Each structure stands twice: as C-alpha cells, then as structure tokens.
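Student: Sharing a structure below in structure tokens format, with a few things to ask.
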Amino acid sequence: MLKMVKDQEWYDKIHGNPLFTNTSQKEFDQLLLECKLKMYEEAEKSNYFKTPQEGLLIVLKGSAEVQIEGQDGSSVTLEFIQENELIGFSNFAYYLGEMARPLDKHHIDMVVAEGSVCLQVPYEVIKHRMDDQNVRDYILRKMSIRLANVYTSLGEQVRLADEYGESEPYVRRVQDFMSSPVVTIHAEAETREIAELMIKHSISSIIVTDQLGKLLGIVTEKDLVERVIAGGGSPIELKAKDVMTKEPHTIKVTDYYYEALTKFYKHGIKHLPVVKAGKPVGIVTFATLMTKRDRNSMNILKTIEEASFEKLPVVKAAIYDVLSNLIQDEISTIHTLEIITKFYDRLAKHCVMLAVQSLEDQGKGTPPVAFAWYQMGSGARGEQFMLTDQDHFLVYEDVTREQSEQVENYFELLGNEIVVHLEQAGYTRCIGFMMASESQWRGTMAIWHERIRQWALRSTPEQILLGYNFLSFRFLYGETTVNDRFIEMVHDLLRKSATFIYYMAQQEKEKPIPQLQQNFLNIFRGRSKADVIDIKKHALFPLHHCLQILGVSNGIINATPLEIISALQKKKKITKDFAEEIRHAYEISLSIRISMSWEKHLRGEKVSTEIDLRKLRRWELNELRTTLDTVRALQSHLLSKL
C-alpha cells in the first residue's frame, strides 16, 4: 500500500482523516499497509460489498452511488456519497457482533459517478481504531447524519406522494420541481451574513449575483465549512466572492428531470441554480430530486408488481398510455426509450417471477440450482417501445450426471411457463423459436460453452445469424453470480473466435447500405422499389451488427448500442466526432421507426418499418441521407479494422 501512495498529498490526506488522526507515524504506516488504494473510472460498477470483512471505503476524490439489487435483479439507490464520506455503514451491526450481516440476501454495487479514488479500510483496521474514543465519536456522528438523511428522505417521499397523488404528469420540467424564489446575495456580503441567511431560510446554499441580478456563483454549506471554518478564515473578513464556487453548473427551467439528474451524477454536485436569460430564478438540489425520483412512475410500477397472471394484459395498456404521453410531449427518443425500457424490464422480470411461483404452486418445486434469465433482441438493446415477439434464454449451474435429468426437466417446465406468462403480458411467441422453452435456448454453463463454441467453429450464415441475436443479450433475472461467470465464459470464448468475428464482418460487406439519389426527375416517375427504404433492415440492423462486431473485437459484450459506442470511444477505437455521428444516426433511425410504427398502431394498421421516400419532407430526407451515410461509414470502418 505504501508503495502505491507515492503522492505525498494522498498520504497526508489519508493520515488527516478522523479514522487515522492521533496515530503515530509508525502505527499509521502499519495500518496503511493493510488498506488498499482503489481507482475507479467514470460509470464503473463495482461489487465492493462481497463480504463484511471488506470494511469501509473512504472516498478521497470523486463521488459514487450505492445501489442495492434484490433477488429479482431490480436496483434501488441507497446513498449518494461524495468526497471524504464513508461507504459501508450497513455492516456495522455485524462488526459489533449484534446481528448477522443484514444485507446477505441482496447484491450491493457501488456505481462511480465520476472518476474516483477510494481507500478500502478492512474490518481488522476498523476494529483496531474503534478502541480510540475519538474514532468512535466520529463514526457515531457520521452514522447519525446518514440515518437522519434516510428518515428525512422517506418522510418527504410519503408527504409528496400524498400531495401529488396521480395528477402529476409523467415527464416534468425543472420549473415543476425547483425551489423558487431563490435566495440571493451580493458578492461583497460577509460569510457570517451568508450563514445567518441559510439558518433563517433553512437552506443549504445561497446564490451570488451582480448588480444586474446575473449569476456570479454559489455558496454552499460545504464551501463555508471548507473555506471558512476548516480554512481558519474570518467570517467577517471573508466575502461571498472569496468562498463561492464561480461559474457553477446550471440548468434551464425548460430542461427535463432526467437532464438535471444527469448533471448531478456527471459532475458530482448537490445544487443546480436554475437560470433564465442568465438570471437565477430557482434552485434544484440533489436531495429534492432523489425524493421525487420515480414518484410519478410508482403507480405503474405498483401495477406491474401486483399483477397476477390474469391481470398481466392490463400492464401493457398502462405502459402504452405512458408511451403515448411521451411521444405527444415530444420527449427525445433516447429518453423515451430509457423510461419505457425500465417498465418493460420490470414487466419481464415479474413474468419470470410469476412463472417460478406458478411451478411451485403446481407442486413442481423450486429451482434446483441457481439460474440466470436473459433477454435478446430489441428488449435487450433497450429499443423496445411496443411489445414485440419473445427473444430470451436460460443459463443454469452445472450439475452431476445423476442430477441432470431432474434439473433439465425443471427448467424445461420453467422455460414453458415463462413463455406463457410473457404471452399473457402481450409478448408474441418468437416465430424463430428463440425462447427458453426450446432446448437450444437453455442449458447448463457447460452446455452453453459448447453451444457457443460450435457456433464459432461452423461460421455458417445460420450460425452467424444466431450469433447476432445472441450477442445482444442482457441479464434481467436470477443470480448475479451465475451471470458473472457466464459473462466471463463468453468473453473467453469470443477472444478465441477471431475467425467467427471475421466471417461476421465479411457478411456485412455483402449487405451494402442503399444511397438516396438527389435527382428531381425521380419525383415525376412512378413508384418503384427505389422509392421505399426499410429503416430497420437498411439502417438499424447494419448499425447494430457493426457495433456488435467492433464491440466483441474489443472485449465489449452484454452492452446496449449506446454503451458500445461510449466504450469504443473510451478505448480510442473511434474518435469523439465519429462517436457523435453514430449516436445521431442511431437516434434518427430509432425516431423514424418509433414515429412510423406508433402512427400505424393508432390507425390500426399492420406495423411496418418501410418508408415511402416520396412522403418525406426535404429536411427529413436530408436527415435520413446523413444517417445512411454514417452507417455506411461505420461499415467501412469495421471492414478496415478486420
């Protein structure tokens, strides 16, 4: 550990933490040897809480979100942790010997909101330091504050749920939930006056403005503590201009909830001034946003969670109502799909849970071994806006030869039950039989290992098609430990399958992207095949396939198209500008597909992805032409790399 802490600044910062103050240099160095310095990249997900012995995590730099995942795979945010705060209080009852570990039945992850540096302090070090009264007092204060925040949040959620009920629109703009009017102060104000205003108004930040009311900066409680109290400054001599955060991140009144949430996560901040024409008109805090998060989706989530087999069809209608509002309000395609995907994921997981319960109720028993259930196709890519056909598979633990028949019989029954429940919810059966009810789409880890290996060895057009469908998989229900091993196995197999990947790329070469002619004479000609383009076949599928192949080639699997684009950019496999072009092409393709399909759905027509070019306006035709050019460029990029 000491060798890793080469920067004296880190060393001093750790020694200055209340967990280690009042230790001699020798004692501190010995304790530090047992700790680990951990670096986390932005958006990195870490299963830090595997065992209680891992102790506490001190966030030295950056911020993180702690999420708890239930046995059904659903996640809920527990805490948002910033610099100098601690992660891991949930295990203290275990440390003190008062009770068994309270969260053994759940999977807890730490999701880093920005690049972070943390110090892992193991249980043995904590136990040693708890002999110090000052350390015990420090831990007690921190735990008390954290507990108070939890109760405040819960109380606020109950109050707001009663206040808003079902009347609040699904997608809200910042102006709907910001605090206004905002409390402001001038740049020459004394910090003592700022503190008095915070106490008077029960707020945790003050906006600093100039004589014209324009935003100059923001002073938060954290600024006062760090720059006045801890910094040893005088509350009379120091002015607002001396302690404020200049040019803070801001948000507009017309921005959406999700845009505000993104800024909080991306920049690791807790206060966002709301501006209009450069002047502050309100403020949004992270705490407020957390209390409101998902409140307006509680009713539909409740509908899903409480749905019996007979009531599953009701859920589809509820989700379609939300989708209709999102489309009518012209919410961006990406945000719309983020919202709707969350509901469909819940619905699919609920169907699997009901299927497991159904077998138990029939006297067929419970799952004999741990398993994982995966979606494929548009649902796995996060693109499903209307319920389509089923695409899914089952993976379960390896068993002995004596157990194999019993285990296979159970999962055959489960596969069939899942299909029946999904069908009841509105998912049609896959005409290609890519469902867990079919033997080729379920099996033990060993069976899947051999199955994927055979796909790679044969490399026929049929096997490649199976590969494309399979590679869009996403884990939705079951044991995360099974999923972790499955992902590792797939990674290992694909690393050894360069020929399979090459043939996949060659197959894309044989599917050229059509070019839209800019010839005005075409307007006066009769309708022909050249007037029609299939947005799914000619844009979305080639884009998906190219991203899948590039992703696999660079060790990226189990990811949505947008996640693959970001990962490729991060690995410097594509430039930032090219990544933006691909994202734009992807969003345009999805937007066209959604608007076309939804309009046909409302008219009661058969849903199709074919576009009549003659009905497009000039700007729409230009957007489509740019999209196809980008997909063609991505295809060329892929072929040049392989």
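No lab work stands behind these numbers, since they all come straight from the coordinates. Since the model is a prediction, treat every value here as computed from it, not as a measurement. Ideal geometry is used to build each Cβ from the backbone, glycine not excepted, and the neighbour counts take in all protein chains shown.
Student: Figure the gain on full extension for Gln8 and His267 (residue separation times 0.36 nm, minus the Cα-Cα span) and round it to one decimal in nm. Display every interim value, and only then the final one.
Tutor: On the way: separation 259, 0.36 × 259 = 93.24 nm, distance 2.59 nm.
Working it through step by step, the gained length comes to 90.6 nm.
Student: Would you list Ser144, Ser566 from fewest to most Cβ contacts within 10 Å?
Tutor: Values: Ser144 10, Ser566 17.
Neighbour counts put them in this order, fewest first: Ser144, Ser566.
Student: A follow-up question, please. Which shape class applies to the stretch 174-286: rounded if a/c is under 1.5, otherwise prolate when a/b exceeds b/c and oblate if not, where a ≥ b ≥ c are the square roots of the Cα gyration tensor eigenvalues? Each step should come with its number before you reach the end.
Tutor: Numbers: a/c = 2.02, a/b = 1.61, b/c = 1.25.
Note, shape of the stretch 174-286 comes out prolate.
Student: Mind checking which aspartates and glutamates have their Cα closer than 12 Å to the Cα of Lys13? Skip sequence neighbours fewer than 8 apart in that chain.
Tutor: Glu83
Student: Now a separate question. Which FRET efficiency value, to the nearest 0.05, is calculated for Asp612 and Glu259 with the Förster distance at 30 angstrom and r the Cβ-Cβ distance? Walk me through the numbers before you get to the answer.
Tutor: Working: r = 34 Å, r/R0 = 1.15.
That pair, Asp612 with Glu259, gives E of 0.30.
Student: For the pair Met143 and Ala633, how long in nm is the line joining their label points, each one 7 Å along Cα→Cβ?
Tutor: 5.7 nm
Student: Over 25 Å between C-alpha atoms is what I'm after, so list which of Lys316/Lys600; Lys61/Lys279; Lys38/Lys142; Lys200/Lys222 land there. Intermediate results must be reported in sequence, preceding the final value.
Tutor: On the way: Lys316/Lys600 17 Å; Lys61/Lys279 31 Å; Lys38/Lys142 22 Å; Lys200/Lys222 17 Å.
Beyond 25 Å: Lys61/Lys279.
Student: Just to verify a number: FRET efficiency for Arg458 and Glu438, C-beta to C-beta distance, R0 = 25 Å, to 0.05? Numbers along the way, then the final one.
Tutor: On the way: r = 19 Å, r/R0 = 0.75.
For Arg458 and Glu438, the calculated efficiency is 0.85.
Student: With a ≥ b ≥ c taken as the square roots of the eigenvalues of the C-alpha gyration tensor of the stretch 426-506, please select rounded if a/c is under 1.5 and otherwise prolate if a/b is larger than b/c or oblate if it is not?
Tutor: On the way: a/c = 1.88, a/b = 1.17, b/c = 1.60.
Oblate, because a/c is 1.5 or more while a/b does not exceed b/c.
Student: Right, here's the next one. Would you work out if the stretch 309-496 is rounded, prolate or oblate? Take a ≥ b ≥ c from the square roots of the eigenvalues of the alpha-carbon gyration tensor; rounded if a/c is under 1.5, else prolate when a/b is larger than b/c, oblate otherwise.
Tutor: Values: a/c = 2.14, a/b = 1.32, b/c = 1.62.
Oblate shape, in that a/c is at least 1.5 and b/c is the bigger or equal ratio.
Student: To continue, here is another question. The stretch 535-592 to the stretch 387-442: how many Å between their Cα centroids?
Tutor: The two parts, judged by their Cα centres, are 30 Å apart.
Student: Given the peptides 400-406, 335-341, 366-372, arrange them by the average over their residues of other C-beta atoms within 10 Å, most packed first. Could you put the intermediate results ahead of the total?
Tutor: Working: 400-406: 9.6, 335-341: 19.6, 366-372: 17.1.
Result, highest mean first: 335-341, 366-372, 400-406.
Student: Fewest first, what order do Ser589, Ser553 take by the number of other Cβ atoms within 10 Å?
Tutor: The order, fewest Cβ neighbours first, is Ser553, Ser589.
Student: I want to check the label-to-label distance for Glu450 and Leu621. Put each point 7 Å from Cα in the C-beta direction and report it in nm to one decimal.
Tutor: In this crude spin-label approximation the distance works out to 5.7 nm.
Student: How many percent of Cα pairs in the stretch 575-642 exceed 15 Å?
Tutor: Percent of Cα pairs beyond 15 Å in the stretch 575-642: 61.
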